[in-house]
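Working notes, beginning with the structure itself.
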There are 4 protein chains.
Amino acid sequence: MKIGFLGLGLMGCGMAGRLLDAGNELIVCNRTASGTDALRARGARVAATPLDLLDAEVVVSMLADDAAVEAMCITSGFAARLPAGRLHLNMATVSLRMAKRLTQLHREGGSDYAAAPVFGRPAAAEQGQLDIVAGGAAAALKRCEPLFAAMGKSVFIAGEEPATANIVKIARNYMLAAAVESMGEAFALVRKSGVDAKAFYELVTTTSFTGSSYRNYGKLMVERNFDNASFTLKLGLKDVELALAAGGDTQVPLPLAGVIREQHLGALNSGLGDKDWASLAEYIAARAGLS
Amino acid sequence: MKIGFLGLGLMGCGMAGRLLDAGNELIVCNRTASGTDALRARGARVAATPLDLLDAEVVVSMLADDAAVEAMCITSGFAARLPAGRLHLNMATVSLRMAKRLTQLHREGGSDYAAAPVFGRPAAAEQGQLDIVAGGAAAALKRCEPLFAAMGKSVFIAGEEPATANIVKIARNYMLAAAVESMGEAFALVRKSGVDAKAFYELVTTTSFTGSSYRNYGKLMVERNFDNASFTLKLGLKDVELALAAGGDTQVPLPLAGVIREQHLGALNSGLGDKDWASLAEYIAARAGLS
Amino acid sequence: MKIGFLGLGLMGCGMAGRLLDAGNELIVCNRTASGTDALRARGARVAATPLDLLDAEVVVSMLADDAAVEAMCITSGFAARLPAGRLHLNMATVSLRMAKRLTQLHREGGSDYAAAPVFGRPAAAEQGQLDIVAGGAAAALKRCEPLFAAMGKSVFIAGEEPATANIVKIARNYMLAAAVESMGEAFALVRKSGVDAKAFYELVTTTSFTGSSYRNYGKLMVERNFDNASFTLKLGLKDVELALAAGGDTQVPLPLAGVIREQHLGALNSGLGDKDWASLAEYIAARAGLS
Amino acid sequence: MKIGFLGLGLMGCGMAGRLLDAGNELIVCNRTASGTDALRARGARVAATPLDLLDAEVVVSMLADDAAVEAMCITSGFAARLPAGRLHLNMATVSLRMAKRLTQLHREGGSDYAAAPVFGRPAAAEQGQLDIVAGGAAAALKRCEPLFAAMGKSVFIAGEEPATANIVKIARNYMLAAAVESMGEAFALVRKSGVDAKAFYELVTTTSFTGSSYRNYGKLMVERNFDNASFTLKLGLKDVELALAAGGDTQVPLPLAGVIREQHLGALNSGLGDKDWASLAEYIAARAGLS
């Protein structure tokens, strides 16, 4: 299949590589040159602008945030000019509002649009082990199946509106934010009474909180291992903001989110923005008078 | 061993029964007659007041809350008069402040004191399958080993101060409250955008939130099954209050707890106090304009 | 002076009228025809697009929100094409981000820019009784003095950066939101204990809370008079969102704002969006089980 | 009139002095000797225990907190043994729960009980310039009129239940806490954008926030004058806790209070507990990265 690929960050490069490996013809486009060299060496063609991708059967986008999507997919004219019959598969984590706007733009332009944000880190992307949440018309998702098979290890269908996939991604990430914050608070609470955080961590992650969310972030908190961030606190804040924005747009009060956001802002002022998300626990502990 | 047992609610009855089955001599005391009949039939002696338990080697207490502990263990004169060499093993969930007060009272009186709150429901108590969190001097906990073996399936040693066990129990329950609230909020967020809560539940509990806390409460939320409460919303509120009180006493800000408490108060006014804790999700959904 | 005026809502009409009355030559532009007729009858010239205002010495804008500013001042090309020596005086309440963006655009284009959001309602605008908060270079503000004199009864200089005026407006409105919410909560608290809200209102507004913010909104709460909204709950939410956005952009945690926003979202679902802001007290009371 | 007076802190001394000056016969009792010497010199008789006050016609109490009230009025046997026809006038700020408990105890004992917490500082107490909030049966309050006249400059009748006066005091102090926190947040917000806090203070306290609550605390914030605390942050926290406890007991969600409490706990860990309440603004500013 002739596939276009927009956005070659760490995630995008891994995913595009998988599509190449699966035997697809790939034409890629990135705002900077980074990422394009390696893919060119593996056989991808490099395009100058998103408009050069208009004749691909499916164009996958994996851009950093709403602003990048706005620039590459909307301002560029891509969404409006994608021909009927072509499909834009947006795999980035974008706001609910952007999801609906893109859906509308493609609908007006006559082309197809589906959303498929993913769970997983760059290593999982490179190995085709992503968990994919897909939203869109059944026919559109059907066309994506070979792409999903190349990039992911599971596909969850959220609904027939593309935005359903985005809200699922946003809601799940929000649960993660609450888990990180509440575990950080619990750690501060027990530490202040002389209990070892590591012991408490062992207790909770072997009883009712066995999920990877608690195990992974809790481990980093206990080890105070924040420098090799695979997901930064700043990105965590972005996810909370997406939840708040979605809650605002759909009138869903998320009282925890309001509080969690403010904690992140405080943590930024403590210089933790580029540390691992787990470092939120350090900010919480500092507020509790722990060092 | 000659063991005293104070407090014969659903949990206490099960635990006392296990101690009987293990061949101990048991003398029990409850504020009401309920619970005493069944244990008498199984061989326990029934005492009129806590002071009748002063000659037991170990006195286990499993009372409902601080007020009950105050009445039965303090106002009664029990704690002050327990002889040197005797051990009070308090397995109830009490406040951090009460834990420290009892520790102090027994220390002054010359007797030993240990805390061992438990995780698990009445059925687990009856089957000796509780998870026990123990705090106290090593020698005291050593003496409790046969009792723990009869009542529990695991023992976690929190520290040499009895109160360490209480803070661990409180902190873990607080994490549970945050899990319930955040899952409820996430459900409302996806439902308002047309995503089926059950599908979302399947996604999160099979990926990063596999722990029983999410699986059990999430299942009840999805099924809207709140009438056969094994743990009521009112009890959930009590746990959040214990966390807030402990945070207040040790100067640990718990910003999520402040918000979660208010949600529970609102839910009480919706008539959910005696429903399952999972019904908090109904209150959250109602605030979001869902029905 | 030849003055352009963009945006003829209730506030804009009153302000433009004052500028006419002061003997200025006025050319006005609105997205809809509403408002233009009355001003034309009073001698204003009506322009079709913002670009028709480029030869006015000062162009005042009084648009509803960021989106309107974006459309009328940026997308239209107005900001980029305003000639050197001309001054854009933006009197609307916009976000901190928009304030900085406009400052930058005019700086790049070579024209002058100042911000002067106002306090006061349509009646005050019509009577030239607004309180004006101004930010901008001293020379620019000097040029605005005759305009300020025609429209306002006081001018507060926030700083030499236009955005300083916006942040002052946003912060003061945020204080108002907190006053409305906290008074609503206090009313619910006393009412639930059988105290008359009106009596409590009298007490607090004649002792330590004599300011108009408490007197005006408290009066509406007590009278339950919400239908003739001079400022709707929906607009109150917009102000809280502006504070949160400014806090986010400048890394200032505003923990109350996070909570207040969620209350507003809940209130929207109770159908209070177009009621007076004071109706937030009804939502608070309902959560408290009062009717 | 023969009046008993329990509690001779700074407030109590001033109030007792006013009762003496008005020509009453006074018998005073304090847990420590402090305060008694000066009053003895002015003609008061000093009693050893609260029970020595049982034959006074009215016994005024002005104790520090619930614990002091519990010790002096309940554990001592005072409330239970006060004879029929005698009146206990409790002017301390106590919890709603304690207010109801004392009401009940006196009712059972056959004596009368009224509550009359006050607004005002020690200097106002000394000059008889307190603002009094009174709750109780009309006949009981009638008997207190000469006492109120000696101690206060205004009397507000909250209701026929004593506890109504306490909830009014608690709710008004809670509004104050919200004012302090929200002003502190607003100051941080404008300062972070380069606006002088003093200028902002002038603007808001001369427009919509003219009340003394904003003027007094805002002035201290701007001057960073926190060492001569007339009301400490720790006492502010106590007031927020009273509001939360009252909200808990009557099922009134107070979402702001939940957040405000946590801010105070954080501030305590910054060493601000004994500083003026206004120093909360320093903690807020520090979280915002301001120094």
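Determine whether B:V168 is open to solvent by less than 10 Å² (accessible area, probe 1.4 Å), closer than 30 Å to B:R107 by Cβ and among the β-branched types (V, I, T).
Details: open to solvent by less than 10 Å² (accessible area, probe 1.4 Å): yes; closer than 30 Å to B:R107 by Cβ: yes; among the β-branched types (V, I, T): yes.
It is true that B:V168 is open to solvent by less than 10 Å² (accessible area, probe 1.4 Å), closer than 30 Å to B:R107 by Cβ and among the β-branched types (V, I, T).
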- Task: Spot the failing condition for C:R81; the list is (1) under 22 Å from the mean Cα position of the chain (by Cα); (2) at pLDDT 95 or above, and only one is missed.
- Result: (1)
- Message: Being part of a helix (DSSP H, G or I) and touching a Phe, Trp or Tyr at 6+ places or on another chain (Cβ under 7 Å) narrows it down to one residue among C:L176, C:L203; which is it?
- Response: C:L203
- Does region D:249-266 contain any residue that is assigned to a helix (DSSP H, G or I) and farther than 19 Å from D:E185 by Cβ? yes
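Which of the residues that make up region A:177-212 are of a type outside the set (A, V, I, L, M), within 18 Å of A:I284 (Cα to Cα), facing chain B (nearest Cβ under 7 Å) and crowded, with 24+ Cβ neighbours inside 10 Å? First the steps, then the outcome.
First pass over region A:177-212, keeping only residues of a type outside the set (A, V, I, L, M): A:181-182, A:184-185, A:187, A:191-194, A:196, A:198, A:200-202, A:205-212.
Checking the rest, the ones that are also within 18 Å of A:I284 (Cα to Cα) come to A:181-182, A:184-185, A:187, A:191-194, A:196, A:198, A:200-201.
Keeping just the survivors that are facing chain B (nearest Cβ under 7 Å) gives A:181-182, A:185, A:192-194, A:200.
Those that are of a type outside the set (A, V, I, L, M), within 18 Å of A:I284 (Cα to Cα), facing chain B (nearest Cβ under 7 Å) and crowded, with 24+ Cβ neighbours inside 10 Å: A:E181, A:S182, A:E185, A:S193, A:F200.
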- Task: Would you mind stating whether A:R224 is surrounded by fewer than 24 Cβ atoms within 10 Å (Cβ to Cβ) and in contact with a helix residue (DSSP H, G or I) (Cβ under 6 Å, 6 or more places away or on another chain)?
- Result: no
- Query: Can you find a residue in region B:98-115 that is within 12 Å of chain A (Cβ to nearest Cβ), open to solvent by 50 Å² or more (accessible area, probe 1.4 Å) and not basic (K, R)?
  - Reply: no
- Item | Search result, residues across region C:149-176 that are within 7 Å of chain D (Cβ to nearest Cβ) and of a type in the set (S, T, N, Q) | C:T164
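Out of A:A229, A:A243, A:A286, which single residue is within 9 Å of another protein chain (Cβ to nearest Cβ) and open to solvent by 20 Å² or more (accessible area, probe 1.4 Å)? Walk me through it before giving the result.
Numbers: A:A229 fails: within 9 Å of another protein chain (Cβ to nearest Cβ); A:A243 fails: open to solvent by 20 Å² or more (accessible area, probe 1.4 Å).
Criteria check complete, one pass: A:A286.
Which of the residues spanning region C:125-146 are of a type in the set (A, V, I, L, M, F, W, C), over 24 Å from C:V240 (Cα atoms) and in a helix (DSSP H, G or I)? Quick ask: steps written out before the conclusion?
Taking region C:125-146 first, the residues of a type in the set (A, V, I, L, M, F, W, C) are C:125, C:130, C:132-134, C:137-141, C:144.
Right, trim to over 24 Å from C:V240 (Cα atoms) and you get C:137-141, C:144.
Scanning region C:125-146 gives C:A138, C:A139, C:A140, C:L141, C:C144.
Looking only at region D:104-124, decide whether some residue is in a helix (DSSP H, G or I) and basic (K, R). Explain how you work it out, then say what you get.
Here is the first cut: in region D:104-124, the ones in a helix (DSSP H, G or I) are D:104-109, D:122-124.
Next cut, basic (K, R) only: D:107.
Yes, region D:104-124 contains at least one residue that is in a helix (DSSP H, G or I) and basic (K, R).
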- Go through the residues of region A:257-273 one by one and say whether even a single one is touching a helix residue (DSSP H, G or I) at 6+ places or on another chain (Cβ under 9 Å), touching a residue at least 24 places away in the same chain (Cβ under 8 Å) and more than 30 Å from D:G271 (Cβ to Cβ). yes
- Only one of A:F209, A:F200, A:F226, A:F231 that is touching a Lys or Arg at 6+ places or on another chain (Cβ under 9 Å) and at pLDDT below 95: A:F231
- Message: What are the pairs with Cβ atoms under 6 angstrom where one residue, in region A:23-52, is in contact (Cβ under 8 Å) with a residue 12 or more places away in the chain and the other, located anywhere, is in a helix (DSSP H, G or I) and not aliphatic (A, V, I, L, M)? Sequence gap at least six, or different chains.
- Response: A:C29/A:P50; A:N30/A:T36; A:G35/A:C13; A:V46/A:T36; A:V46/A:R40; A:P50/A:F78
- Query: Would you call A:R121 surrounded by fewer than 24 Cβ atoms within 10 Å (Cβ to Cβ), basic (K, R) and farther than 30 Å from A:S213 by Cα?
  - Reply: no
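Determine whether region B:108-130 contains at least one residue that is over 26 Å from B:R18 (Cα atoms) and not small (G, A, S). Spell out how you get there, then give the answer.
So the first thing to find is which residues in region B:108-130 are over 26 Å from B:R18 (Cα atoms), and the list is B:108-110.
From what is left, the residues that are not small (G, A, S) are B:108.
Yes, region B:108-130 contains at least one residue that is over 26 Å from B:R18 (Cα atoms) and not small (G, A, S).
The values are calculated or read from the model by the stated rules, or taken from the named source; none is laboratory data. In this text the structure is predicted, and so the values were computed from the model without any measurement. Virtual Cβ from ideal backbone geometry, glycine too; neighbours counted across all protein chains shown. Just so you know, the surface numbers come from the protein's heavy atoms only, side chains and all, with ligands and any DNA or RNA stripped out. Shrake-Rupley method; radii C 1.70, N 1.55, O 1.52, S 1.80 Å.
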